[in-house]
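Down below is the structure, laid out as C-alpha cells.
The values are calculated or read from the model by the stated rules, or taken from the named source; none is laboratory data. The shown structure was predicted, so the numbers you read here are calculated from the model rather than taken from an experiment. For neighbour counting, all protein chains shown are included, and Cβ atoms are generated from backbone atoms with ideal geometry for every residue, glycine included. For the accessible areas, the whole protein counts, side chains as well, though only heavy atoms, and no ligand, DNA or RNA atoms are used. Shrake-Rupley method; radii C 1.70, N 1.55, O 1.52, S 1.80 Å.
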Amino acid sequence: NQKNKLLQAKETINLRRKFTEKIINDVSTGIIYIDLNYKVLLYNKISQQIFGEEIEQDFFNKSSELKSFIDKFKNQVTDTNQTQIKYIVNGVLKILNVKISSEFENKKIKGLIINIDNVTELVSAQKNAAWSNVARYMAHEIKNPLTPIKLSAQRLENLFKNEKKI
C-alpha cells in the first residue's frame, strides 16, 4: 500500500514537472535562473532565441548594464525590480524589458529569476508612428501657408488675363 502511494506521488511530481516545463518553454517571455555568482542554471527557449549561444557562456560580462542592474538589485531589499536595457547580439541591437526577482530557500536568497521581453519591434513601431505624426504635422504646416499664396497667384493670373482681353 505504501509502495503504491510512493509511486502515485512520484507520478504526480513527474506530471507537475512536465506541466511546468511545458508552460515555461511556451511563454513568450525569456526566463533565466541564475545563482548568486551569475552562473546560468536554467533557461527557456525564448531566452536562447533572444541571446543566442551567448546564454551558455558568461554573457553577463558582455552586458555591463545587465550585470550592474543585477548587482543593484542584490543590494536592495525589494523582491522585484525592472528596467529596460539595450543588448547587442550578433551585431543586432535589441531592446529588452528585464524584470528580476529573488528565489528564496530557508529565508535566504538562493538565486535570481530574470524575465526578459524583447520589445525591439514594439519600440520601433512606436518610433515609426511618432515620425509619421511629425511628418503629417509638417506637411500640414507647409500646406497651410501655400493655400493663401496659391489663391493670391490665381487672383493675379485672372487679373492679368482680364487686362489682356481689354
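For the range 112-127, residues that are open to solvent by less than 60 Å² (accessible area, probe 1.4 Å) and either among the β-branched types (Val, Ile, Thr) or farther than 15 Å from SER101 by Cα (or both) total 8. SER152 - would you say it is open to solvent by less than 90 Å² (accessible area, probe 1.4 Å) and within 30 Å of ILE95 (Cα to Cα)? No. Only one entry in ASN25, ASN14, ASN1, ASN44 is open to solvent by 100 Å² or more (accessible area, probe 1.4 Å), out of contact with any Ser or Thr (no Cβ under 7 Å at 6 or more places or on another chain) and among the polar types (S, T, N, Q), namely ASN1.
Conditions (1) within 17 Å of TYR38 (Cβ to Cβ); (2) touching a residue at least 12 places away in the same chain (Cβ under 8 Å); (3) assigned to a strand (DSSP E or B), marked per residue:
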{"position": "GLN82", "(1), (2), (3)": "no, yes, yes"}
{"position": "LEU93", "(1), (2), (3)": "no, yes, yes"}
{"position": "ILE114", "(1), (2), (3)": "yes, yes, yes"}
{"position": "LYS127", "(1), (2), (3)": "no, no, no"}
{"position": "ARG155", "(1), (2), (3)": "no, no, no"}
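Looking only at residues in the range 128-149 that are of a type in the set (Ser, Thr, Tyr) and surrounded by 10 or more Cβ atoms within 10 Å (Cβ to Cβ), which one is nearest to the chain's Cα centre (by Cα)? Looking at residues that are of a type in the set (Ser, Thr, Tyr) and surrounded by 10 or more Cβ atoms within 10 Å (Cβ to Cβ), I get SER132.
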